[in-house]
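The values are calculated or read from the model by the stated rules, or taken from the named source; none is laboratory data. What you see is a predicted model; the values in this text were computed from it and never measured. Ideal geometry is used to build each Cβ from the backbone, glycine not excepted, and the neighbour counts take in all protein chains shown. The accessibility values were calculated without ligands, DNA or RNA, using every heavy atom of the protein model including side chains. Shrake-Rupley method; radii C 1.70, N 1.55, O 1.52, S 1.80 Å.
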Amino acid sequence: MKNNSEKYPLELNTMPGFAGSSAYYLRYEDPKNDKALVSKEANDYWGNVDLYLGGTEHATGHLIYSRFWNKFLYDLGVIKDDEPFQKLINQGMIQGRSNFVYRVKNTNKFVSCNLKNQYDTTEIHVDVNIVSNDVLDIEAFKAWRPDFADAEFILEDDGKYHCGWAVEKMSKSMFNVVNPDDIIEKYGADTLRLYEMFLGPLEFSKPWDTNGIDGVHRFLKKLWSLIYNGDKLLINNNLPIDEELKILHKTIKKISYDIENFSFNTSVSAFMICVNELYSIKCSKRAILEPLSIILAPFAPHIAEEIYHICCSLNENNEKTGSVCDAKFPDFEEKYLVENSVKYPISFNGKVRFTLELPADMPKEEVEKTALNSEQTPKWLEGKEIKKIIVVPKKIVNIVF
């Protein structure tokens, strides 16, 4: 290649890429300083980065250089911290979940996965965007490629074509790249956000698998059914009962802990449990749903915003306005989590036979007496002499004979 250095001078300054992109977090502390990278006063105030969140490639391609420059600047006395980041979390990669169809050799027939062993077949990657819960959209498949337009299908007893699957690296050649716009078009952005968190722990690599996305979508629809029944608004200003407050504050406590510990997948599970419990008792009270919308906002901001505004419109004092994002995150109150009763498993020689729900503050002697006087006890004793009774308060009763 001809050297055109006179016309196009070679770029010899590698500092912006090597140093500038590595120490940018220090420049953020004092961006208008034209005398130094960062002043001592600004660096003393801001210090190092509280939390850095990035993928594994980012760690090797950037963070290692940040640490190099940070220690170099620390040795020169320019900055006060010898480490650039107080906490670093490497988020796992989203892997691809490929789907396959099975073409009978020398034909344009495709046999369903569970029947493929009956034929001589060739495995072919298929676009995962035309597969739902491993079931092929046959018409979309025919339209996918011209040579499949007249394809024939050998289906299973349920009348569906079931695809095979494997976890592989996301790649266009494997047709397992998922377009977020397609998911949003079908399910909405909130479902996509929740499902990405629901796939597994933040630090773990996990395969993108749409087989559970319907469940997340149903959760949001069930939540909305507490707000509206068709066109009828259900939210009301009735005072909540203890059971409803317990459900709410149990969820607030769980979500507060999970956010601090980046356990977003278990947060989604907690929201599902909460909504199922509220749905089972038909709770549509503003005093419950308004704080629920606030803690849901970081996970599903669009539906949370809608619920919050509806709740605000029902606020008799009209004290709250603005976005749910500006609302104060509610604190959980331990008093609502105190159990008033306990379910005691009643065991005979170590085998649980039935349970008794008793007051949580019932004395040990009364628990023993109640278990012995239960109408179910004689059936399991069979007239045998009791040797001892073990009562573990709020845990279990074991009758030994």
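When the range 54-89 is limited to residues that are part of a strand (DSSP E or B) and in contact with a Leu (Cβ under 8 Å, 6 or more places away or on another chain), the one that is most open to solvent (accessible area, probe 1.4 Å) turns out to be LEU88.
Within the range 90-111, being hydrophobic (A, V, I, L, M, F, W, C), open to solvent by 60 Å² or more (accessible area, probe 1.4 Å) and outside any loop (DSSP other than H, G, I, E, B) holds for one residue alone: ILE94. Can you tell me which residues in the range 270-293 are open to solvent by 30 Å² or more (accessible area, probe 1.4 Å), in a helix (DSSP H, G or I) and out of contact with any strand residue (DSSP E or B) (no Cβ under 8 Å at 6 or more places or on another chain)? Of everything in the range 270-293, those that are open to solvent by 30 Å² or more (accessible area, probe 1.4 Å), in a helix (DSSP H, G or I) and out of contact with any strand residue (DSSP E or B) (no Cβ under 8 Å at 6 or more places or on another chain) turn out to be MET272, ILE273, ASN276, GLU277, TYR279, SER280, ALA287. As a summary of the residue check, CYS312 satisfies the conditions (1) open to solvent by less than 40 Å² (accessible area, probe 1.4 Å); (2) closer than 27 Å to TYR195 by Cα except for the one numbered (2). Out of the residues in the range 364-388 meeting the condition of being open to solvent by 40 Å² or more (accessible area, probe 1.4 Å) and among the aliphatic types (A, V, I, L, M), tell me which one is farthest from ILE346 (Cα to Cα). Per the criteria, the residue is ILE386. When the range 256-269 is limited to residues that are out of contact with any Pro (no Cβ under 8 Å at 6 or more places or on another chain) and not in a helix (DSSP H, G or I), the one that is farthest from GLU196 (Cα to Cα) turns out to be ASN261.
Scanning the range 177-188 for residues that are in contact with a helix residue (DSSP H, G or I) (Cβ under 6 Å, 6 or more places away or on another chain) and open to solvent by less than 50 Å² (accessible area, probe 1.4 Å) yields ILE183, TYR187. For the range 219-255, a tally of residues being loosely packed, with under 13 Cβ neighbours inside 10 Å, of a type in the set (S, T, N, Q) and in a helix (DSSP H, G or I) returns 0.
With a requirement of 2 or more residues that are closer than 21 Å to LYS246 by Cα, the helices (runs of 4 or more DSSP H) lying completely within the range 294-386 that satisfy it span 301-313. Within the range 141-176, if we keep just the residues that are among the polar types (S, T, N, Q) and in contact with a Gly (Cβ under 7 Å, 6 or more places away or on another chain), the residue that is surrounded by the fewest Cβ atoms within 10 Å (Cβ to Cβ) turns out to be SER171. Cβ separations smaller than 6 Å between residues 6+ apart or across chains give the following pairs from the range 127-153 residues that are within 19 Å of SER173 (Cα to Cα) to residues that are among the β-branched types (Val, Ile, Thr) and surrounded by 15 or more Cβ atoms within 10 Å (Cβ to Cβ): ALA140/ILE130; PHE141/ILE130. Does the range 63-80 include one or more residues that are modelled with pLDDT of 95 or more, among the charged types (D, E, K, R), in contact with a Gly (Cβ under 8 Å, 6 or more places away or on another chain) and farther than 26 Å from PHE204 by Cα? Yes, because at least one residue in the range 63-80 is modelled with pLDDT of 95 or more, among the charged types (D, E, K, R), in contact with a Gly (Cβ under 8 Å, 6 or more places away or on another chain) and farther than 26 Å from PHE204 by Cα.
One residue stands out among those in the range 157-188 that are in contact (Cβ under 8 Å) with a residue 60 or more places away in the chain and hydroxyl-bearing (Ser, Thr, Tyr): the one that is farthest from GLY215 (Cα to Cα), which is SER171.
Applying the criterion of being open to solvent by less than 30 Å² (accessible area, probe 1.4 Å) and of a type in the set (A, V, I, L, M, F, W, C) to the residues of the range 18-53, the residue that is farthest from LYS80 (Cα to Cα) is ALA19.
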